[in-house]
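A.B. asks: Encoded as structure tokens, here's the structure I'll be asking about.
The values are calculated or read from the model by the stated rules, or taken from the named source; none is laboratory data. All values derive from a computational prediction rather than experimental measurement. Reconstructed Cβ throughout: ideal geometry from the backbone, glycine too, with neighbour counts over all protein chains shown.
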């Protein structure tokens, strides 16, 4: 049906102009009709209808380059990055190899950025942030924010789905990343990646340490004192269904003030909070709030 409408619109410029004026986006008619056709679907909130082309058209490639804010020297690399295995004659002609390569580029750029941005973080802390940034969930979110799913060429089976699987969408971000690296080199790929992950890195760092006093104390103790905090249960009171626990923390034979809590976990957090105050890592006026 879509192809029939497209053919009709191409043949009747007057009808074509009327439709787009009605949609509130009066646009100049172009020879192939594809530009305004795609924009009309965007106005209607539908995005570009997948499956009209077995491989990305020149217009779609141009639109994709505008969406990712990078223009290719060799547009065929971009074309290949947008062909899903379901729409390719063979998997070698799909974007799977670029997905594999882009995954490595993404990891390298993120690791480089974390290494330079957080010079005081230990390997474990950097790994936690990296795992959040290069996850499928994050790649899917970025790809959808860019709108990459609108430009993918997929086979008939996947085209019938109401939306593409997240694995397919996240792979598109990785294949585009690999394509940019091949076309423009490391700096171009780095600029593209960091445009989309800079804020996410800050969010991941904040969520990792926000009010997690045990994490804050461990980071300080290992970096400054070269020891890992040890938590000891000193006492417990109350019936089995409603116990309270007293926990103390020890760092390099130095004992800090103990803390009581309704669970061992919360008592450990409060003990870490007191230790941080004693080490002047938190102001004496700070108020304790257990991590969510």
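A.B. asks: Test of understanding: among 103, 74, which residue is modelled with pLDDT of 85 or more, in contact with a helix residue (DSSP H, G or I) (Cβ under 7 Å, 6 or more places away or on another chain), over 29 Å from residue 221 (Cβ atoms) and surrounded by fewer than 17 Cβ atoms within 10 Å (Cβ to Cβ)?
C.D. replies: Checking each option against the conditions leaves just 74.
A.B. asks: Would you mind stating whether residue 151 is buried (at least 16 other Cβ atoms within 10 Å of the Cβ) and at pLDDT below 90?
C.D. replies: Taking the combined requirement at face value, the residue satisfies it.
A.B. asks: Quick one: would you say residue 241 is more than 30 Å from residue 122 (Cα to Cα), modelled with pLDDT under 95, assigned to a helix (DSSP H, G or I) and not assigned by TED's automatic domain parsing to the domain that holds residue 122?
C.D. replies: Spelling it out, residue 241 is indeed more than 30 Å from residue 122 (Cα to Cα), modelled with pLDDT under 95, assigned to a helix (DSSP H, G or I) and not assigned by TED's automatic domain parsing to the domain that holds residue 122.
A.B. asks: Ok, one more. Of the numbered conditions (1) touching a strand residue (DSSP E or B) at 6+ places or on another chain (Cβ under 6 Å); (2) closer than 25 Å to residue 216 by Cβ, residue 94 satisfies every one except a single condition; which is it?
C.D. replies: (2) is the only condition that residue 94 fails.
A.B. asks: How many residues are in a helix (DSSP H, G or I), modelled with pLDDT of 90 or more and loosely packed, with under 15 Cβ neighbours inside 10 Å when one looks only at the range 118-148?
C.D. replies: Qualifying residue count for the region: 5.
A.B. asks: Determine the pairs where a residue that is without any contact (Cβ under 8 Å) to a residue 40 or more places away in the chain, located within the range 93-113, has a partner that is outside any helix (DSSP H, G or I) with Cβ atoms under 6 Å apart, the partner being 6 or more residues away or on another chain.
C.D. replies: 94/83; 94/88; 107/134
A.B. asks: Okay, next question. Part of a helix (DSSP H, G or I), in the same structural domain as residue 130 (by TED's automatic domain parsing) and exposed (fewer than 12 other Cβ atoms within 10 Å of the Cβ): which single residue out of 203, 199 fits that description?
C.D. replies: 199
A.B. asks: Which residue is nearest to residue 170 (Cα to Cα), if the candidates are limited to the range 56-67 and must be modelled with pLDDT of 90 or more and either out of contact with any helix residue (DSSP H, G or I) (no Cβ under 6 Å at 6 or more places or on another chain) or part of a loop (DSSP other than H, G, I, E, B) (or both)?
C.D. replies: Step by step, filter the range 56-67, then rank; the result is 64.
A.B. asks: Out of (1) farther than 30 Å from residue 218 by Cβ; (2) surrounded by fewer than 22 Cβ atoms within 10 Å (Cβ to Cβ), what's the single condition that is false for residue 115?
C.D. replies: Result: residue 115 fails condition (1) only.
A.B. asks: Within the range 244-252, identify whether any single residue is in contact (Cβ under 8 Å) with a residue 40 or more places away in the chain and within 21 Å of residue 120 (Cβ to Cβ), and answer yes or no.
C.D. replies: No, because not a single residue in the range 244-252 is in contact (Cβ under 8 Å) with a residue 40 or more places away in the chain and within 21 Å of residue 120 (Cβ to Cβ).
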